[in-house]
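*Asks:* Sharing a structure here in structure tokens format.
Quick note: the coordinates plus some simple rules give every number you see, no bench work behind them. Being a predicted model, the structure only gives us computed values, none of them experimental. Positions of Cβ are generated from backbone atoms using ideal geometry, with glycine treated the same way; all protein chains shown enter the neighbour counts.
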Amino acid sequence: MIKDKEYKAFNLRNFRKIPQFSSLPEELKTNIEVTGSILPFKANNYVIDELIDWSKVPDDPIYTMVFPRRKLLSEEHYNIMSELIRKNANRAELKELANKIRYDLNPHPAGQHHNVPKLRGKILPGIQHKYENTVLIFPMQGQTCHAYCTFCFRWPQFVGLKGEKFAMKKADILIDYLRIHPEVDNVLITGGDPMILGINTISFYLETLINAKLPNLKAIRIGTKSLAFWPYKYVTDRGAKDILNLFRKVDKAGIHLAFMAHFNHPRELSTPIVREAINRIKETGAQIRSQGPLLKHINDDAKIWEEMWTTQVNLGIIPYYMFVVRDTGAKKFFSVPLLRTHEIFHRAYRNVSGLARTVRGPSMSADPGKIEILGSSRINGEKVIILTMIQGRNKEWVGKPFFAKYNPTATWINELEPAFGVKKFFYERELNSIYAKQ
Ligand SMILES: *Cc1c(COP(=O)(O)O)cnc(C)c1O
Ligand code: SF4
């Protein structure tokens with residue numbers, strides 16, 4: 001029998017009250033205080049009681065995923081923050097230094113600010129339209145999560161950096177936009193985590209989309225880590241039944257509900273409550289697909305991915321994307337060279353059945369599109385990395401193979417150069433002219 005659980009969040013103010021912390025070394029707690037004053041930090045009682053293996057802390061992958069540590073920052077950043085805290089600086093001083101360091105950490109990765117669409121000359125905040133068929137929606141109230149991932153690329157919005165929020169307040173302009181963009185056949189509701197929203201807000205967005213009866217809208221996707229961070233949402237929480245009924249309503253309206261679940265480790269799929277939540281979501285007619293980045297210290301091991309994809313298929317989840325960790329925040333701690341990421345992907349991919357080979361990647365969500373690493377080879381005596389695009393700003397780019405000079409240490413596309421003496425990758429000129437028009 002599954003017992004209900006009342007959600008309890010832990011952050012900088014109260015994490016020392018977490019019972020499991022009483023036996024941990026003081027240094028670890030100081031590290032959390034210093035790093036957590038710059039990067040966002042939030043944990044909850046499900047992650048703490050049911051996911052983390054406390055006998056393995058601080059190396060435990062789920063602990064690493066949620067609790068800040070010293071190594072997420074450079075020595076220099078860590079030391080100046082630590083010094084200021086030790087001097088008992090006031091809140092304003094701490095905040096000023098924290099924001100200064102945050103801006104040093106590349107809070108604007110992958111040209112996100114280039115993708116804000118316009119309607120009749122007015123820019124639409126909270127909507128992003130990068131690829132023809134899909135519009136992303138960032139609901140105003142969904143700008144937070146049930147816990148924060150230490151590797152998150154959306155972290156600036158959680159710490160309240162100015163100008164970092166793409167939040168949507170009203171859905172009516174979204175509907176107007178979709179009506180004049182019939183090429184959009186699916187919308188992706190994202191955040192933060194939209195499933196942190198109360199039932200009224202979730203139903204407002206979903207019902208607005210259903211009631212608009214957009215002839216071309218075939219699917220609504222919800223991008224969420226709630227299955228990994230708070231599966232009680234779908235089982236015992238107040239509103240659980242209403243959410244499931246709402247999913248059923250989407251399905252009955254003839255719109256596919258694609259539940260895009262963020263998973264990073266097989267342990268997130270192992271608890272009785274997550275299994276129950278998965279079953280209940282599937283029963284509504286929604287389909288769960290999985291995606292997540294490959295991260296050093298958390299899941300940089302082919303066995304982990306093999307187990308994760310196999311378990312997902314067994315539970316009726318479709319493996320969808322493996323991502324390359326983005327170039328932001330604490331990237332250095334989590335980053336794995338592109339070719340190493342590719343090797344891990346393929347070691348796992350080879351060992352799973354075709355049912356799990358629906359997964360694609362490893363994929364970088366970069367300015368021109370989703371760039372997939374296909375591996376390395378030698379062509380006419382030159383060692384190269386072969387790439388292609390799974391998604392592109394221009395759909396003509398999709399599926400076209402292209403070549404970079406062999407580079408075993410590069411961790412992102414901007415560290416690669418075209419092979420064969422070519423000056424620019426094939427898409428670069430056109431991408432610049434797309435930007436110039438915006
Ligand atoms: C990944 C992504 C999509 C959806 O791409 P699919 O390949 O259809 O899953 C849409 N917009 C953005 C900005 C994305 O990164
Ligand atoms: S759940 Fe997603 S949006 Fe939230 S902190 Fe983790 S990666 Fe970021």
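*Asks:* How big is the convex hull of the Cα atoms of the chain, per residue, in Å³?
*Replies:* So the per-residue Cα hull volume is 156 Å³.
*Asks:* Further question: May I ask you to sort Arg154, Arg267, Arg289 by Cβ crowding, counting other Cβ atoms within 10 Å and putting the fewest first?
*Replies:* Arg289, Arg267, Arg154
*Asks:* Let me ask you something else. To make sure I understand, if each residue's beta carbon is the centre and we count other beta carbons within 10 Å, what order do Val274, Val235 fall in, fewest to most?
*Replies:* In increasing order of surrounding Cβ atoms, one gets Val235, Val274.
*Asks:* Please find, in a Gaussian network model of the chain (springs between Cα atoms separated by less than 10 Å), the residue of Glu415, Glu268, Glu343 whose mean-square fluctuation is greatest.
*Replies:* Among Glu415, Glu268, Glu343, the largest GNM mean-square fluctuation belongs to Glu415.
*Asks:* Ratio of the stretch 299-438's C-alpha Rg to 2.2 N^0.38 Å, to two decimals?
*Replies:* With N residues counted in the stretch 299-438, Rg over 2.2 N^0.38 Å equals 1.11.
*Asks:* Would you kindly derive the ³J(HN,Hα) couplings of the stretch 417-426 from the backbone phi angles with the Karplus curve 6.51 cos²θ - 1.76 cosθ + 1.60 (θ = phi - 60°), listing them in order in whole Hz, with x for Gly and Pro?
*Replies:* Each residue's phi maps through the Karplus curve to give 10, x, 7, 6, x, 6, 7, 10, 5, 4 Hz.
*Asks:* Distance between Cα centroids, the stretch 344-361 to the stretch 37-81: provide it in whole Å.
*Replies:* The stretch 344-361 and the stretch 37-81 have Cα centres spaced 30 Å from each other.
*Asks:* Which Cys residues of the chain have no other Cys beta carbon under 4.7 Å away?
*Replies:* Cys145
*Asks:* Could you list Leu174, Leu227, Leu119 in order of exposure, starting from the residue whose Cβ has the fewest other Cβ atoms within 10 Å?
*Replies:* Final ranking by Cβ density, sparse to dense: Leu119, Leu174, Leu227.
*Asks:* Using the alpha-carbon centroid of each, what span in Å lies between the stretch 193-213 and the stretch 268-314?
*Replies:* With the stretch 193-213 and the stretch 268-314 each reduced to a Cα centre, they are spaced 24 Å.
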